[in-house]
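Data first, discussion second: the structure below is written as structure tokens.
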Amino acid sequence: MVHTAYDSFELLTNSTSKIESIESYGSKLLLGCSNGSLLVYAPEHSVPAPEEMRKEAYVLERNVNGFAKKAVVSLQVVESREFLLSLSESIAFHKLPTFETIAVITKAKGANAFCWDEHRGFLCFARQKRVCIFRRDGGRGFVEVKDFGVLDVVKSMSWCGENICLGIRKAYVILNATSGSISEVFTSGRLAPPLVVSLPSGELLLGKDNIGVIVDQNGKLRPEGRICWSEAPTEVVIQNPYALALLPRFVEIRSLRGPYPLIQTIVFRNVRHLRQSNNSVIIALENSIHCLFPVPLGAQIVQLTAAGNFEEALSLCKLLPPEDSNLRAAKEDSIHIRYAHYLFDNGSYEESMEHFLASQVDITYVLSLYTSIILPKTTIVHDSDKLDIFGDPLHLSRGSSMSDDMEPSSASNMSELDDNAELESKKMSHNMLMALIKFLHKKRHSIIEKATAEGTEEVVFDAVGNNFESYNSNRFKKINKRHGSIPVSSEAREMASILDTALLQAMLLTGQPSMAENLLRVLNYCDLKICEEILQEGSYHVSLVELYKCNSMHREALEIINKSVKESESSQSKIAHRFKPEAIIEYLKPLCELDTTLVLEYSMLVLESCPTQTIELFLSGNIPADMVNLYLKQHAPNLQATYLELVLSMNEGAVSGTLQNEMVHLYLSEVLDWHADLSSEQKWDEKVYSPKRKKLLSALESISGYNPEALLKLLPSDALYEERAILLGKMNQHELALSLYVHKLHVPELALSYCDHVYESAHKSSVKSLSNIYLMLLQIYLNPRRTTKNYEKKISNLLSPRNKSIRKVTSKSLSRTMSRGSKKIAAIEIAEDAKASQSSDSGRSDADTEEFTEEECTSIMLDEALDLLSRRWDRINGAQALKLLPKETKLQNLLPILGPLVRKSSEMYRNCSVVRSLRQSENLQVKDELYNKRKAVIKISDDNMCSLCHKKIGTSVFAVYPNGKTLVHFVCFRDSQSMKAVAKVSPLKKAF
């Protein structure tokens, strides 16, 4: 889009001489003429003003005749060094402002182009097919540095860093100023001569017909670096931010910012030269001079913005002087806002949001464009001056760039949007909302950071009791999170609430519920009331749970999860399937330390479906098992046993003895009910095991925290013998337990397993008193009648009320007397049993005693006894076992027992013999070594010295260390030993 960037002004007309070259020096104008003279023009009115070109008529100030012998082809002022370069028949240097000739480079005679390196003070010129480099040598003139040959005549040249870019007839080349190496860039055009122009960025602009190609200092093409002129230019001048090209019929001005648009065209006829001055561009015609003065940047920005050329206006804003930084920021913000509205109206939503973001406008201003998004109420009052920046020229009611129904309004004035009913009825597109999401994401970090900082300051003030009046005056009453929005007491938090609420709605409207969930999982300020209503209407259960969670509304969140779990069990809804029972457990984990009652209440819902995970929840949350058990007992008694057995299976140490006893009682009560039902139907079978009975047996065997005596009294006398046997075993009544296994249950295998268990337990704990458990089982097999009588007698003693009353006596003296008396009675009973067993054993082994009747022989369990001896012979005293066997036992039946016993005895005898022989041999070896040590000979001479006192041994008593070489006085040795003893004792004394 074209706008006025330069104003043309005619400085002088009807020059008497033909103008060949032009240059400016401060506010003066230097004209090189065809007759070799130099004309110096100055403003007509000399006023103390900056040394720059002025927009007024110029008059001749001085005519330097004889400046050159031929036409002055080119002029260049070097203000930093105060001299003027001129190209005529050769290159000359003139002192400024007197124009006195300083030096003439004779080797430059016939030169057709030159360029000056301001940084290093190097002069490069081209003559025919040679390129020469000279360096200024202080006040002594110039010294030649390099001289290189090129392929053709140089038409244009320019320094580019350490290199020189040359435009010859057919191509552009880069000449290395140090080595002279040449690299070709590309071929030149056919319609215009080569043109090399240096850019402010250090790059080069190379002309190829009507195209200006931009390359770097090494000749590498820059992507998309092409300026397309209307025609092939003869000269190009760069004045940031524009490039001015001299065309046959006019001067064309284009922007230096891609895509290099056309800015302005100024018609001139017969233009010979363009030259850049300090503040303008000078145009030389044959007999007149015109000057292009740039329009002030502020006026250009106004033009561009009004014409809708916002990109160019923003680029010009960056060129405003630093002292106008406030004006620059204001103009940029206003342009960004108007450009954003223009893009928004034309469907470029993402680009529009980028400009809203750059303008630093409040998010409420942008959200007013999205009328379908519901925002929370706010007390923020926006300053309208922030939006009305340009004043009269640019505040054009946005009508030039947007429709009337898109006029923005603040969030506080949303009630005035009745006129925009047509816009509200339109459905917002997906692209609009996606652009809004990106915009809000970019604004969110800074807004949330400010809101969090203010919240932290508020907490600190409340903690230290700092109640400043100014602080309290700005605080609002906090709204309860369960019934309203988040606590809002500052502008930053209000803005954060608006942002997060709008962001959540935009995510849901664009079909991104997962992103909404992620937003709610992190720190957010979403308005509870608005978001709750939207999430409920859209059935966004997961997001609603996260909303309740971040607002500490855990019961409401758990209700939603539980409802969804039930729906997933009864239907195939995809939404319902997003929640599983494990979701309740995961939600409850962080609440174990905050609200134990709530955890217990909702964990009951998933204890049956996820028992292991629920128990892990209780254990990881450090919830006391007694509390959990009590809660189950009151609210879910059917799950009490399940909980206790799971806890025991996972961590038995976490369950107290009381809970273990309670669990066993639960199992037993269920088994007793089951026994009573079957007994009433006369279907009871001792060998039938229900699941509950199996659990009871397993608990009785594995758990040690219950009271076996109390449980034993609850068992029926004619059933549940296996349970009774386990309880008797816990009471160390092994004989009674074995009698039950053998005579009531008739399962010898259980009796043998019981003996193995008792033997192994006693072996681990090194208890020798239970090593005869197998002999006890053998006696039960061989003397069943006596065993039965003993069982009935002891059982009646255990369960008699008399014993119960005796156990309740609490007197210390009585308990001591009873304990002593019981010990004596027990000793007497053991002695009598031993005598009876010995008499019976002797009666069976002697031929003079009375033999058993046939009935007695048939009643003993000889086969089981022999099987026991054959399987556990290594754990039974063989001699005692043989004494218990009846004399009618055949020797052939004892072979499986005697064989291993004899082999074991023989093996033990051999092993002992070998050990004895080895010890005797070792003893002999030690004695032999002792004798050899005693044969050692030590020769004492006058040269032998004590290793401790370093004195001669002489005839004193000495001692020899075990190595046989170290000699010491015996006195020294004794003293050293006593010192070591003292050193060992002294730390102990210090400790005491």
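The values are calculated or read from the model by the stated rules, or taken from the named source; none is laboratory data. Quantities reported herein were computed from a predicted structural model and do not represent experimental measurements. For neighbour counting, all protein chains shown are included, and Cβ atoms are generated from backbone atoms with ideal geometry for every residue, glycine included.
Of note:
- Scan of segment 310-325 for residues that are over 41 Å from the mean Cα position of the chain (by Cα) and surrounded by fewer than 16 Cβ atoms within 10 Å (Cβ to Cβ), ordered by number: LEU319, PRO321, PRO322, GLU323, ASP324
- Taken over segment 28-38, the criterion of being surrounded by fewer than 21 Cβ atoms within 10 Å (Cβ to Cβ) and within 13 Å of PRO97 (Cα to Cα) is satisfied by LYS28 alone.
- Selected residue (criterion: surrounded by the most Cβ atoms within 10 Å (Cβ to Cβ)) from residues of segment 224-243 that are among the charged types (D, E, K, R) and more than 9 Å from GLY212 (Cβ to Cβ): GLU235
- Of residues in segment 65-124 being in the same structural domain as LEU195 (by TED's automatic domain parsing) and at positive phi, the one surrounded by the most Cβ atoms within 10 Å (Cβ to Cβ): GLY121
- The set of residues in segment 666-690 that are touching a residue at least 24 places away in the same chain (Cβ under 8 Å), among the hydrophobic types (A, V, I, L, M, F, W, C) and part of a helix (DSSP H, G or I) comprises LEU666, LEU668, VAL671, LEU672.
- Hits in segment 897-940 (condition: outside any helix (DSSP H, G or I) and touching a residue at least 24 places away in the same chain (Cβ under 8 Å)): ALA936, ILE938, ILE940
- For LEU714, the conditions (1) surrounded by 11 or more Cβ atoms within 10 Å (Cβ to Cβ); (2) under 56 Å from the mean Cα position of the chain (by Cα) all hold with the exception of (2).
- Complete set of residues in segment 230-263 that are in contact with a helix residue (DSSP H, G or I) (Cβ under 7 Å, 6 or more places away or on another chain) and without any contact (Cβ under 8 Å) to a residue 60 or more places away in the chain: ARG257
- Residue match in segment 711-730 (condition: outside the structural domain of PRO784 (by TED's automatic domain parsing), assigned to a helix (DSSP H, G or I), among the hydrophobic types (A, V, I, L, M, F, W, C) and out of contact with any helix residue (DSSP H, G or I) (no Cβ under 9 Å at 6 or more places or on another chain)): no
- Only one entry in THR597, THR612 is touching a Leu at 6+ places or on another chain (Cβ under 8 Å) and exposed (fewer than 13 other Cβ atoms within 10 Å of the Cβ), namely THR612.
- Pairs linking a residue in segment 140-152 that is aliphatic (A, V, I, L, M) and assigned to a strand (DSSP E or B) to a residue that is at pLDDT 85 or above and surrounded by 14 or more Cβ atoms within 10 Å (Cβ to Cβ), with Cβ atoms under 6 Å and 6 or more positions apart or on different chains, are VAL143/ARG135; VAL145/ILE133; VAL145/ARG135.
- Single residue of GLY878, GLY954 found to be touching a residue at least 12 places away in the same chain (Cβ under 8 Å) and on the phi > 0 side of the Ramachandran plot: GLY954
- Check on SER24, crowded, with 21+ Cβ neighbours inside 10 Å and under 25 Å from LEU292 (Cβ atoms): yes
- Neighbours by Cβ (under 8 Å, 6+ apart or cross-chain): first from segment 533-544, closer than 14 Å to GLU556 by Cα; second assigned to a helix (DSSP H, G or I) and of a type in the set (Lys, Arg): HIS541/ARG578; VAL542/ARG578
- On the stretch given as segment 194-231, residues that are over 52 Å from the mean Cα position of the chain (by Cα), under 29 Å from ARG120 (Cα atoms) and assigned to a loop (DSSP other than H, G, I, E, B) total 2.
- Check on LYS55, surrounded by fewer than 17 Cβ atoms within 10 Å (Cβ to Cβ), at pLDDT below 90 and in contact with a strand residue (DSSP E or B) (Cβ under 7 Å, 6 or more places away or on another chain): yes
- If you filter segment 524-538 down to residues that are among the acidic types (Asp, Glu) and either over 18 Å from SER372 (Cβ atoms) or touching a helix residue (DSSP H, G or I) at 6+ places or on another chain (Cβ under 7 Å) (or both), you find that the one that is surrounded by the most Cβ atoms within 10 Å (Cβ to Cβ) is ASP527.
- Test: residue in segment 654-664 that is modelled with pLDDT under 75 and among the aliphatic types (A, V, I, L, M): yes
- The criterion of at least 1 residues that are in contact with a Leu (Cβ under 7 Å, 6 or more places away or on another chain) is met by the following strands (runs of 3 or more DSSP E) wholly inside segment 1-118: 6-12, 19-25, 28-33, 38-43, 58-64, 74-78, 83-87, 91-95, 113-117.
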